[in-house]
Amino acid sequence: MLKAFKKDLNKYKAYSDSNTLVLLFTQQGLWALFVYRVSNSIYVSKTPLFIKRILLIFCLISQKGIEVLTGISLPYSATIGERFYIGHFGGIIVNANVIIGNNCNISQGVTIGVSGKDKNRGVPIIGNNVYIGANAVVVGKITVGDDAVIGANSLVTKDVLKCTTVLGVPAVKINDNDSNGYI
């Protein structure tokens, strides 16, 4: 847990000239990530079920506090890789069953959630090194490939190939540019 959070923190440092203490006090995304990392480590631990349930009650209370304070919802049952970066706080919703790879960046207003009907109902799997722009909505039983870019204000309901940029409502491929430079 601390190892993953340290990698998150190092990514924040790479984007800022601020020291660790300043980042910890000023970056709401780091607050949400810290609560997520602690809670997720309890959730995936081999702690006896009775004890785990008691601890998860406190985790849920902490998560709700972070949601009220920052507008960022990162449920402890979601799977979020290392070096995760939240560019700006507010209006960020991640479904409890979402899988997000390593080294991903998301911006304010992003929703990653459930959509679809019958056998197509589900949540996205986000690859590694993915950039998701402000106010983008990524929903349904889809896969976003490694190194993809999802432009601001896009609605993504279909698979996104690796190393491509999508944009629009509904999102369509606009070029073969990857996330290099965004992350």
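None of the figures in this text is laboratory data; all of them are computed from the coordinates on show. Computed from a predicted model, the values in this text were never measured in an experiment. Using ideal geometry, Cβ is built from the backbone for each residue, glycine included, and neighbour counts are taken over all protein chains shown.
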* Structure fact -> Options (i) 56, 35, 32; (ii) 47, 46, 27; (iii) 56, 37, 28 for Cα extents along the principal axes in Å; the value derived from the coordinates is listed as (ii)
* Quick one: if you stick a label point 7 Å off each Cα along the C-beta vector at Arg121 and Ser77, how many nm between them? -> 1.5 nm
* **Packing-based exposure ordering (other Cβ within 10 Å, fewest first) of Val130, Val169** => Val169, Val130
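Looking at the stretch 91-183 only, what percent of DSSP beta bridges run antiparallel? Nearest 5 please. Write down the numbers at each step before the final one.
Numbers: 4 of 22 bridges.
Bridges in the stretch 91-183 that DSSP calls antiparallel: roughly 20 percent.
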* Asked: How far is it, in nm, from the label point at Leu2 to the one at Thr47 when both lie 7 Å from their Cα along the line to the Cβ?
  -> 1.6 nm
* Computed [θ] at 222 nm, helices only, for the chain once each DSSP H run of length n ≥ 4 contributes -39500 (n - 2.57) -> -10500 deg cm²/dmol
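Trypsin sites (Lys or Arg not before Pro), restricted to the stretch 1-90: which are DSSP loop and have at most 15 other Cβ atoms within 10 Å?
Working: sites: Lys3, Lys6, Lys7, Lys11, Lys13, Arg37, Lys46, Lys52, Arg53, Lys64, Arg83; in loops: Lys46, Arg83.
Here the sparse-neighbourhood loop sites are Lys46.
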